[in-house]
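Here's the structure, in structure tokens; my notes come after.
The values are calculated or read from the model by the stated rules, or taken from the named source; none is laboratory data. As the structure is a computational prediction, the values presented were derived from the model and not from experiment. Here the Cβ positions follow ideal geometry from the backbone for every residue, glycine too, while neighbour counts run over all protein chains shown.
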């Protein structure tokens, strides 16, 4: 049985809780492959990239989430915060 994008995102969250960052990113990536127009999957992966200090990757995801769901200001807010972090050199919120 093939997992749905939502199931993969739930699994990614479980990996995050277990501090299994690479596995979480892989689950989000697979979810995006299955549902490329699902803004939340891009947003969630962006948040994790941001927390890992991978600001360029976070920005790519926040930009895509914003394009897919322009009425949702969450991605715009997170994108702005990531830009400030990148400009100030304060990238990593979590020790990866």
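Test residue 65 against the stated conditions and say whether it is under 23 Å from residue 7 (Cβ atoms), more than 8 Å from the chain's Cα centre (by Cα) and surrounded by 20 or more Cβ atoms within 10 Å (Cβ to Cβ). Even if it seems obvious, please write down each step before you answer.
Details: under 23 Å from residue 7 (Cβ atoms): yes; more than 8 Å from the chain's Cα centre (by Cα): yes; surrounded by 20 or more Cβ atoms within 10 Å (Cβ to Cβ): yes.
For residue 65, the condition - under 23 Å from residue 7 (Cβ atoms), more than 8 Å from the chain's Cα centre (by Cα) and surrounded by 20 or more Cβ atoms within 10 Å (Cβ to Cβ) - is met.
So, restricting to helices (runs of 4 or more DSSP H) that lie completely within the chain, which ones have at least 1 residues that are out of contact with any helix residue (DSSP H, G or I) (no Cβ under 7 Å at 6 or more places or on another chain) and without any contact (Cβ under 8 Å) to a residue 24 or more places away in the chain?
Because the criterion is at least 1 residues that are out of contact with any helix residue (DSSP H, G or I) (no Cβ under 7 Å at 6 or more places or on another chain) and without any contact (Cβ under 8 Å) to a residue 24 or more places away in the chain, the helices (runs of 4 or more DSSP H) in the chain that meet it are 5-17, 21-34, 55-68, 74-88.
In the list 45, 86, which residue meets the criterion of being at pLDDT below 95 and either surrounded by 12 or more Cβ atoms within 10 Å (Cβ to Cβ) or within 22 Å of residue 5 (Cβ to Cβ) (or both)?
When all the criteria are applied, what remains is 86.
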